[in-house]
Structure formats: C-alpha cells, structure tokens
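Before any comments, here is the structure.
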Amino acid sequence: MAGASRNFAKDAAAAISALYAVALLGLIAIAGIGLDYGRLVTMQSELQNAADQAALAAATQLNGADDAMVRARTAANAAFASAASAYVNETRVANDGGGSAITGLTFTFYDGYANDQPGELLANDADGARAKVVRVTVNDREVFYALTPVVGALSSGGVEADAMAMLERAVCNLPPIMVCIERSDFFLPTLEGDGLRMRWLDSSVDALAPGNVGFLDLYGTHDSQYELGENQPYGECGAIENVTTEPGFRATETRALNTRFDIQSNPLSCDPSTGDFCPAQNVRANSVLVEQSTITTNSSTPPPPPTCGSYQNRSRSWEPMTQAEVATAGTFTRDSCFDDGSCTYMGDGEWDIAGYLARNHPGVSPAIFSQGSRYEVYRWELEDPANRMPPRLVSSTVESRRRGNSGNYEHTFTNRCSYPQPQFASPVVPSNTQKDRRLLSVAAVDCTGLTGRSAVNILGWLDVFLTQPADGSETIHSEIVGPALRPDNLPTFQYFGRNRAVLIR
C-alpha cells in the first residue's frame with residue numbers, strides 16, 4: 001500500500017492538465033477578442049461602404065447650381081440612407097438597437113480641394129454654386145461584444161466612417177462659342193422658338209453683357225480665327241475647371257459664320273472632305289444673284305423675262321435685296337419685340353410667320369405648323385425642296401434697242417433672283433453623324449462679374465437656329481431650338497459635358 005502511494009506521488013503523466021486549466025481562460029479570452037474584433041472590422045467596412053456610396057451620390061449634384069448642396073443631401077439620403085429605398089445601405093453586425101438600415105448621414109461642403117486638403121468650409125446652402133467637394137460622415141453605430149466581456153470590454157463604443165468626393169466635369173465636342181445669358185432668363189425647354197440676338201462687340205464695349213457673343217478657351221489649343229465656319233464635332237475634351245473666356249474681338253468670325261449661308265469669301269472656301277466652310281441645304285436669305293440675258297426678237301415689245309438660271313452672265317457673289325424686294329421675297333424675320341424695342345437680347349417667339357408664308361409659299365396656312373417656329377418652317381421646306389425651295393425671280397428690268405436696219409430688237413434683261421438652295425458650293429447633308437449647318441451648339445454662360453480671361457460658369461448647352469447671315473452691325477440673329485442634341489438627335493448625356501463623381505479620400 002505504501003509503495004502504491006509513493007508511485008502515485010511520483011507519477012508526472014497528468015501534470016499538463018493543470019497547465020491547460022490555467023491557460024483555458026486566456027485561450028477563451030483570445031478567441032473572444034478575435035471573434036468580436038472581426039465583427040468590429042466588418043461593421044467598420046459596412047459603414048465605410050455606406051459613406052463612399054453616399055459621398056459619390058452627393059457629388060453628382062455639385063454642378064454649380066445655386067441649390068447644389070440641397071440636392072446633394074437629398075440625392076444621398078433618398079438613394080442610400082432611407083429605409084424605404086431599395087438601395088439603402090445596411091449593417092448586418094451592429095446590434096445597438098438602431099436597426100439594420102444605415103440612415104444617419106452628416107454632410108460637409110467645401111469650395112475646393114488642393115494639396116491634400118479641402119478648401120473653404122461652406123456652411124450656408126446659399127453657397128451651393130461654390131460647392132465643389134462634399135464630405136459625408138456616417139453617424140455612430142455600435143456593436144455589443146459577445147465574448148470580449150471576459151476581458152472586461154462590453155461594446156465597441158461609437159464607430160463612424162466618412163468619405164470625401166467631388167465631381168470631375170469636362171466639356172467635349174463643342175465649338176468654343178458662348179453667349180452671355182442671365183441666369184434668370186435660362187429656362188429650357190420653355191425658351192424653344194424664342195429669338196436670340198447675339199452681338200459681336202469689341203471687348204472694350206461692354207463685351208460681357210447679356211446677349212453678347214464671346215469665345216471660350218476649351219482645350220488650350222491655338223484657334224483658327226474662323227471657327228464659326230468649321231464643321232462639328234470637334235472631338236476633343238477639356239476639364240471644365242480650365243475653361244476660360246478668350247478675350248479679343250474677331251472680325252473674321254462673322255465671315256466664317258456666313259459660309260453656312262453659301263456666302264464665300266477669300267480665303268474661305270468649302271472643303272467637301274470636312275464640311276468646313278460649306279453651306280447648309282437651305283440658305284434662303286435676303287440676298288439675290290444678278291443674272292443678265294439678251295433675247296433677240298423682231299418686235300420692239302420685250303418678251304417675258306427669262307427664268308432664273310437661264311442667263312449669259314451672272315454675278316459671282318450675293319447682293320442684298322432692296323427694301324421693296326424684302327417685302328415681297330424676304331426670309332425669316334426676327335421677333336417683333338426686337339423691332340419695337342420691348343426685347344433686348346431674348347425674344348418671345350412672336351414673329352411674322354403669316355407674312356413669310358405669304359411671300360414664299362402663297363396659300364399655305366400657319367395652322368399646319370404645330371409650333372410655328374422658324375426652325376419648324378425651315379425643316380418643312382427641306383422635306384420638298386423642288387417645290388418649296390425653287391429659284392424665284394424677285395425683280396427684273398429690261399433695256400431694248402434696235403439692231404441697225406435689220407428690223408430685229410435686242411432685249412437685255414437684268415434679273416434679280418433668289419436661290420434658297422446653295423449656288424457656289426455643295427451643301428452638307430445632315431445625317432446621324434452630321435448636324436445641320438444652320439444649327440449651332442453654343443454654351444450658355446453666366447457672365448456676371450467676368451472680366452478679361454476668367455473661369456466661366458456654364459449654365460448649359462443649347463442649339464440655336466441661324467435665321468439670317470450675320471449683318472454689318474456684327475449681329476447674329478438666331479432662334480433657340482432647345483437643349484443641345486447630338487447629330488442623331490439623341491440626348492447629349494456624356495457627349496457635350498462629361499461628369500464623373502470620384503472619391504478623394
């Protein structure tokens with residue numbers, strides 16, 4: 001018996017059991033910490049994902065509009081932080097009684113970002129036009145630990161996440177022409193059909209008043225001085241932050257613009273391969289070609305004048321119609337309010353459509369046109385050019401004289417003919433890749449406070465219809481067609497302006 005006791009006392013085979021017993025609590029604590037730390041990291045990832053998505057959604061609204069900050073908060077909350085949204089971000093880990101939906105967001109706006117730091121803090125919604133950067137913070141959420149209380153910790157405490165984003169904006173495929181428009185006047189599509197009088201003024205004469213035309217430095221490349229006659233699209237993109245006004249008066253640009261009306265001038269001539277300086281299909285204007293023909297008869301009474309196109313000599317350039325000729329064969333008129341002085345640069349769409357149809361399409365009623373705009377009538381003429389755009393004898397004079405003693409008389413006619421279709425160059429035909437040459441896409445710019453070479457606030461892009469060639473007073477008469485469209489008439493999303501929300505941090 002005594003020997004057995006001594007053997008038991010000397011037996012060390014189970015000595016490790018005591019060590020396991022001592023270490024067990026530590027192992028349980030380590031496992032608990034690992035499990036709960038994993039839950040903490042998972043919740044942090046969920047909150048960060050929610051912050052990233054909300055910041056990107058908010059940044060899409062920072063387009064320089066006065067209400068940009070309000071719309072940014074609304075966009076982020078409605079899409080990703082509303083329990084009623086199908087896209088609401090959720091946490092599967094937080095068990096603080098706040099529910100699975102991540103709905104608590106705080107927004108902070110800044111006017112820029114440079115040197116890895118945000119710019120000036122914008123605390124007032126009235127500064128929405130200046131907001132360029134948004135920081136979104138997901139409000140505190142908490143995870144209560146399952147095992148970590150073994151080591152004395154009950155919960156994670158408040159955990160939040162934040163993200164900062166901005167909207168990168170670029171302009172593409174546009175000619176560098178802008179028109180100054182007061183923000184209060186810029187309402188599309190309600191402006192469709194209204195006349196727009198764009199003025200070319202020397203930079204020393206109120207150059208950035210509403211209605212004035214100017215140029216933009218879009219791409220940082222040298223301009224040709226004849227850009228209004230060049231064909232679109234340009235196929236380049238430039239950061240909108242780098243777009244500035246390009247000061248200086250360009251007398252050459254009106255001549256370039258008028259090539260769209262078949263008015264050629266040295267050194268500008270139509271290039272069929274590019275469409276540069278080529279006319280539109282319909283170039284009806286208040287201008288005529290002078291044609292001379294001599295007809296010999298045996299009567300002193302002149303015969304009827306020859307038709308337009310039957311001539312022996314013809315002028316090599318267009319001549320302006322007389323006032324009497326305009327009254328009988330004139331082209332599109334401007335809005336009546338421009339004539340009585342009640343409009344400055346933006347018209348009201350009221351023009352003499354009945355008079356135009358009576359002069360050029362007798363018997364056609366204005367009632368057949370749904371809108372009655374000049375552009376609608378223009379397109380109607382293009383549908384049947386043979387019957388709706390024929391040459392027309394506007395006026396004719398004749399000189400008759402007897403040829404010696406032959407008994408014959410020579411009757412020399414001088415005809416003044418209107419040609420709605422181009423005569424000096426082949427027209428550019430619109431297609432899914434080619435815009436009508438009478439349409440011009442321009443940037444509508446808020447010119448308030450602009451001087452010299454300055455960054456611009458582009459309100460939007462619009463298509464204008466050129467109603468007449470630019471006149472001697474350096475004025476372009478046009479009609480607003482509506483928001484700028486692609487040549488295939490599809491919306492210009494990511495075409496003229498390309499916007500991309502990006503995370504900064």
Amide H proximity to Ser395 below 5 Å, modelled H, separation 5+ or other chain, gives Arg416
Semi-axes of the equivalent ellipsoid for the stretch 236-350, Cα gyration tensor, largest first, Å | 39, 23, 12
Once the Cβ-Cβ distance between Glu410 and Asp488 is put in as r, and R0 is 51 Å, what FRET efficiency do you end up with, to the nearest 0.05?
-> 0.40
Given 10 °C, 1.306 mPa s and a Kirkwood radius over Cα pairs, the Stokes-Einstein diffusion coefficient of the stretch 52-92 in µm²/s is 153
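Placing +1 at every Lys and Arg Cβ and -1 at every Asp and Glu Cβ, with all other atoms neutral, what dipole size does the stretch 381-505 have around its Cα centre, in debye to the nearest 20? If you can, show how the numbers build up before the last one.
Details: 14 positive and 12 negative charges, 70 e Å.
Roughly 340 debye for the stretch 381-505.
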The set of residues whose placed amide H lies less than 5 Å from the amide H of Tyr113, leaving out same-chain residues fewer than 5 positions away, is Gly119
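If you stretched the chain out fully between Glu90 and Arg453, how much longer would it get, using 0.36 nm times the residue separation minus the C-alpha to C-alpha distance? Don't jump to the answer; show the numbers that get you there.
Numbers: separation 363, 0.36 × 363 = 130.68 nm, distance 4.87 nm.
Stretched fully, the Glu90-Arg453 segment lengthens by 125.8 nm.
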What residues qualify as long-range amide H neighbours of Gly347, i.e. H under 5 Å apart, gap of 5 or more or another chain, H built at 1.01 Å from N?
-> Gly195, Leu196, Arg197
What list do you get for Ser310, Ser273 if you sort them by fewest beta carbons within 10 Å?
-> Ser273, Ser310
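We did not get these values from a lab; they are worked out from the coordinates using the rules stated. Model, not experiment: these values are computed from the prediction. Please note: Cβ atoms are built from the backbone with ideal geometry, for glycine as well, and neighbour counts cover all protein chains shown.
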